[in-house]
1. Report whether or not Ile76 is buried (at least 20 other Cβ atoms within 10 Å of the Cβ), of a type in the set (A, V, I, L, M, F, W, C), more than 21 Å from Glu148 (Cβ to Cβ) and free of Cβ contacts under 8 Å to residues at least 60 places away in the same chain.
2. Mind checking which strands (runs of 3 or more DSSP E) fall wholly inside region 135-242 and carry at least 1 residues that are touching a residue at least 40 places away in the same chain (Cβ under 8 Å), within 24 Å of Tyr23 (Cβ to Cβ) and not basic (Lys, Arg)?
3. Could you look through region 3-52, keep only residues that are basic (Lys, Arg), assigned to a strand (DSSP E or B) and at pLDDT below 95, and pick out the one that is farthest from Gln87 (Cα to Cα)?
4. Working only within region 229-252, note down all residues that are of a type in the set (Phe, Trp, Tyr) and open to solvent by 10 Å² or more (accessible area, probe 1.4 Å).
5. Looking for whichever is of a type outside the set (Asp, Glu) and more than 20 Å from Gly93 (Cα to Cα) here; the options are Val49, Val15. Which one fits?
6. Would you point out which residue out of Thr151, Thr140 is hydroxyl-bearing (Ser, Thr, Tyr), at pLDDT 95 or above and open to solvent by 30 Å² or more (accessible area, probe 1.4 Å)?
7. Those residues that are open to solvent by 20 Å² or more (accessible area, probe 1.4 Å) and within 18 Å of Pro133 (Cα to Cα), I need them from region 25-44; list them, please.
8. Please go through region 56-73 and pick out each residue that is among the hydroxyl-bearing types (Ser, Thr, Tyr) and either open to solvent by 80 Å² or more (accessible area, probe 1.4 Å) or under 29 Å from Asn145 (Cα atoms) (or both).
Amino acid sequence: MLVSAFAKINLALEVVGRHDIKYHAVKTILQTIGIRDIIEIRHCNRLKVKCDIPSISQSNNLVWHAAQKLADRAGIQPQAQIIINKQIPIGMGLGGGSSDAAAALLALNNFWELHLEPIELLKTAKELGSDVPFFLKGGTALGENRGELITQLPDLPPLELLLICPNQTIPNKTSTLYSQLTASNFSDGGITTRMVSSLLTRQLPIDIIFNVFESIAFQNFPVLANIFQLIEENIYSRPHLCGSGPAIFCLPSNRTEFDQLSSCLRNSDCVVYFTNCIESKDVQYQSINSENCRSWIP
């Protein structure tokens, strides 16, 4: 069995306070895009997880925990070999690990013939991480609380976009950036609410795309300042941070801008992708032979 696990961007990301001593409360709008990992599931007499990036194989992989928790919920022994081909850049704010876990839950529910209802899969997803519930359906959605309370929104059309991934990250990136937030970074969620209102009328208000981490990310990833400047000087589309970064997206865009920006960044240590927004109906079990993205690697 082969399934796709798609990446995401955040069209809005606000921190509205503290959920508890450990977590922040957020309001965010998430959108799946065509960059994806490929997950293969084979028969095996025990649980094995392999990845083409060895450091995230076996028990330190969220897919392992997803499979184990799903088997525990169903009262069975987890028997499968899961092979992950990573194409979503790691540590970029694109949700690759969470997407892999959600895809594994959906696929294993079929592979093991568990016939668990969506509500049972959702309970398991919430135990795995804040973004995992979103990836069970993907498309366009509002995330609240820690991000795990998901409300589906009308799908965006398959708008084309650029994704720029610098080769720079930091240890424990997400928790580090959240720890640097202060009360001055908190908001009332008004931007997200305005965007939801527009999306309900099937309009995307490009001018209010917002990410609370943008200024903090500039402090942690010095390369971002130069990349933002290059984008602003050479193409029309505005740059925006993905999640907690350091990946950047430009929406909408086109192939001409892709070619132009690729040329401008040829001597920089980053990868530029040309891809599109993915609707919820196309998120799971899409043929891996369809070409959803091009990438240019310097």
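The values are calculated or read from the model by the stated rules, or taken from the named source; none is laboratory data. What you are looking at is a predicted structure, and each value in this text was computed from that prediction instead of being measured. Methodologically, a virtual Cβ is constructed for each residue, glycine included, from the backbone with ideal geometry; neighbour enumeration extends over all protein chains shown. These accessible areas exclude ligands, DNA and RNA; they are computed on the full protein's heavy atoms, side chains included. Shrake-Rupley method; radii C 1.70, N 1.55, O 1.52, S 1.80 Å.
1. On the way: buried (at least 20 other Cβ atoms within 10 Å of the Cβ): no; of a type in the set (A, V, I, L, M, F, W, C): yes; more than 21 Å from Glu148 (Cβ to Cβ): yes; free of Cβ contacts under 8 Å to residues at least 60 places away in the same chain: yes.
No, not satisfied.
2. Details: elements: 140-145, 149-152, 160-166, 239-241.
Result: 140-145, 149-152, 239-241.
3. Of region 3-52, the ones basic (Lys, Arg) are 8, 18, 22, 27, 36, 42, 46, 48, 50.
Subset that is assigned to a strand (DSSP E or B): 8, 18, 27, 36, 42, 48, 50.
Then keep just the ones that are at pLDDT below 95; that gives 18, 48, 50.
Details: Arg18: 33, Lys48: 20, Lys50: 14 Å.
By that ranking, first place goes to Arg18.
4. Within region 229-252, the subset of a type in the set (Phe, Trp, Tyr) is 236, 249.
Tyr236 - this is the single residue of region 229-252 that is of a type in the set (Phe, Trp, Tyr) and open to solvent by 10 Å² or more (accessible area, probe 1.4 Å).
5. Working: Val15 fails: more than 20 Å from Gly93 (Cα to Cα).
On inspection, the qualifying residue turns out to be Val49.
6. Numbers: Thr140 fails: open to solvent by 30 Å² or more (accessible area, probe 1.4 Å).
None of the other options fit; the residue is Thr151.
7. Lys27
8. Initial filter on region 56-73 (among the hydroxyl-bearing types (Ser, Thr, Tyr)): 57, 59.
Within region 56-73, just Ser59 meets the criteria.
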